[in-house]
Amino acid sequence: MVQTLTVLGLESSCDDTAAAVVRQSDGARAQILSSVVHGQTELHSAFGGVVPEIAARAHAEKLDICVAQALDSAGLALRDMDAIAVTAGPGLIGGVMSGVMCAKGLSAATGLPLIGVNHLAGHALTPRLTDGIAFPYLMLLVSGGHCQYLIAHGPERFTRLGGTIDDAPGEAFDKTARLLGLPQPGGPAVEAEARSGDPKRFRFPRPLLDRPGCDLSFSGLKTALMRMRDQIVAEKGGLTRQDRADLCAGFQQAVVDTLAEKTRRAIGLYLEENPSDPVIAVAGGVAANTAIRSALETVSAEMGARFTAPPLALCTDNAAMIAYAGIERFRTGARDGLDLTARPRWPLDQTSPAMLGSGKKGAKA
């Protein structure tokens, strides 16, 4: 008998409040019946970044509205759902708690199964939602707070090949934007400015390319940009519009070159597993950067791997990926009780050593 699952997903790990309804039948491609995202850019714009307390309060105010809108857009009601999936971590703990508590309330009121989803797994499984690719595939998860190379073996089994040891690319883009007086979020602002810049005028470091492996570092790159900015200001008394564009172009090119080379190495390790249909997928907010996408696509073609990336709307945080990841977990028999806890840290690879240190709350990544 063909089993069709319809799942409501909730996402509130950072500064996007989202709800979505996704449906999938056995052996068929999943369908996104609705996807609602309420961003918080205006709430945080004056602070140069996301303020956790403001984000958490906004999530608490918007979650029920998002759920109602997602159900209405799908033309369905809660009674038509088979389960409720929610981001249970990692993320800003106040926001994650808001989503988990909302999902618990809905589950308790309706009797629907509750499924806690790792936010990173949502991104990592997005290529299966959008393109139906088979395991195992290589995943570059590159977002505001995370950057990892993962081999996805199954819905809950991932092997990390490498990742950032400090700032993720998205953090570096945001900090660069702040250093140059550009608006947040920094990624789109720096990319737009870089289009009119000369990437060869300033030579920035390509971190860790002189070392083997797939680990990444972007903190020093951001510091190099800050020093170059200060040098220009000291010499000229300020930055011209062209100076800023050239700084953005040079910074972005350094990120592109670094990711391209590290991706080449990661594909080499992945191909050692002899996958029948080699695929590299990229997801996460930074995957929306067209220069990065183009470079990764070129490297993939050179290495003989198929490249895939979700539509831009599914690169950034959304609840459709959470609903789909919930379906994947549901099919394995996974269920969570009302004792589901919000987790600020939750590495996908549970066996590899922590990259960013570990404490009482667990490994960061």
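The values are calculated or read from the model by the stated rules, or taken from the named source; none is laboratory data. As the structure is a prediction and not an experimental result, all values here were calculated from the model. So basically every Cβ, Gly included, is an ideal-geometry build from the backbone, and we count neighbours across all protein chains shown. These accessible areas exclude ligands, DNA and RNA; they are computed on the full protein's heavy atoms, side chains included. Shrake-Rupley method; radii C 1.70, N 1.55, O 1.52, S 1.80 Å.
Odds and ends about this structure:
- Furthest towards positive pole of dipole, Leu112, Ala68, Thr87, structure part the stretch 58-121, Cβ charges: Thr87
- Trypsin sites (Lys or Arg not before Pro) lying in DSSP loop within the stretch 117-203, provided at most 14 other Cβ fall within 10 Å: Arg195, Lys200, Arg201, Arg203
- Coordinate range along principal axes, alpha carbons of the stretch 60-201, Å, largest first: 61, 37, 28
- About the centre of its Cα atoms, the stretch 1-139 shows a dipole size close to 260 debye [charges on the beta carbon of Lys, Arg (+1) and Asp, Glu (-1) only; nearest 20 debye].
- Loop-located GluC sites (Glu not before Pro) in the stretch 205-284 (DSSP state other than H, G, I, E, B) with a sparse environment of at most 11 neighbouring Cβ atoms within 10 Å: Glu272.
- Extension gain for Ala334 to Asp210 (0.36 nm times residue separation, less C-alpha to C-alpha distance): 40.4 nm.
- Once the chain from Thr240 to Ala108 is taken as fully extended at 0.36 nm per residue, the excess over their C-alpha distance is 41.7 nm.
- Between Thr4 and Ile54, the modelled labels are 4.4 nm apart [label points 7 Å from Cα along Cα→Cβ].
- Relative to the longest principal axis of the Cα atoms of the chain, the long axis of helix 119-131 lies at roughly 80 degrees.
- Stokes-Einstein diffusion coefficient of the stretch 195-265, Kirkwood radius over Cα pairs, 37 °C, 0.692 mPa s, in µm²/s: 257 µm²/s
- Linear extension gain, Thr298 paired with Ala68, 0.36 nm per residue minus alpha-carbon span: 78.6 nm
- Only protein heavy atoms count here; under a 1.4 Å probe, Tyr324 has an accessible surface of about 10 Å².
- For the pair Glu272 and Phe135, label points projected 7 Å from Cα toward Cβ lie 2.1 nm apart.
- For the chain, the per residue solvent-accessible surface stands at 42 Å², with DNA, RNA and ligands left out and a 1.4 Å probe.
- Under 17 Å from a label point set 7 Å out along the Cα-to-Cβ vector of Ala28, the amide N atoms of the stretch 121-158 belong to 129-132.
- Of all accessible heavy-atom area on the stretch 20-153, the percent that carbon and sulfur account for (1.4 Å): 52 percent
- Pairwise Cα inverse-distance average, inverted: Kirkwood Rh of the stretch 36-119 (Å): 13.7 Å
- For the stretch 225-365, carbon and sulfur atoms together expose 50% of the accessible surface, with a 1.4 angstrom probe and every protein chain in place.
- Dipole of the chain computed with +1 at Lys/Arg Cβ and -1 at Asp/Glu Cβ about the Cα centre; of Pro52, Leu338, Leu78, farthest Cα towards the positive end is Pro52.
- Check: the chain dipole with +1 on Lys, Arg Cβ and -1 on Asp, Glu Cβ, in debye: 520 debye
- Folded to 0 to 90 degrees: helix 219-236 orientation relative to the chain principal axis, Cα: 40 degrees
- Rg [Å, one decimal], Dmax [Å, integer] - the stretch 13-55, C-alpha atoms: 15.5, 47
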